[in-house]
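Right, one structure below, let's go through it.
The values are calculated or read from the model by the stated rules, or taken from the named source; none is laboratory data. Quick caveat: nothing in here was measured; it's all calculated off a predicted structure. Note that we place each Cβ from the backbone using ideal geometry, even for glycine, and neighbour counts take in every protein chain shown. Surface accessibility is based on the protein's heavy atoms, side chains included, excluding ligands, DNA and RNA. Shrake-Rupley method; radii C 1.70, N 1.55, O 1.52, S 1.80 Å.
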Amino acid sequence: MFLIRHLYDWTLSLAAHRHAIWWLAAVSFIESSVFPIPPDALLIPMILAAREKAFRYAFVCTVASVLGGLAGYGIGYFLFDTVGQPLVALYGAQDALAGVQADFADNGWWIVLGGGMTPFPYKVVTIASGALSLDPLAFTAASVVGRGVRFFLVAALLWKFGAPIRDFIEKRLGLVVAAGFILLIGGFLLIKVLL
């Protein structure tokens, strides 16, 4: 835990750096494949310091995260046995990976979309997508939508409400987005059953 806390504090300190936007891009990129701290640790204080740049920062996060996701996909596709599997084990997601293998071919797009939007570690989804050979175009499209929704929602809330919404975002936004995603999937399943 000490190491994670140290990494979080270091990441948070980058928000005040004169090249913070480049650090935001770098953290967003590596978080999608190996880094344990989400880019929100940089995104939130950067937006609070310059709310007029909120959507620019969300765009940087989205693009860098999707590119990092493609790197994670590559790890899964080309290096799963040597690099991907130890990373999945590091995050304790072996059971989650085993559970999605059967459904990945039919529902991979939805899994990537949900992984991009929810608090579930996106790096596990990116590596699993490569390891299970999800269609790269479907992976990229779902990543753009999922990560875009996540980062632009954070940016919109901070732009509109400023610092008072910060605690909500840090503590509850992931759960709200996850619940919304579950309701969305449930709605599609209900429509499928009814038709």
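Each peptide in 128-137, 141-150 receives the mean, over its residues, of other Cβ atoms within 10 Å, and ordering these scores from highest gives 141-150, 128-137. Of interest is the spacing of the C-alpha centroids, which for the stretch 115-143 and the stretch 7-78 amounts to 17 Å. At a probe radius of 1.4 angstrom, the accessible area of the stretch 20-176 per residue rounds to 46 square angstrom.
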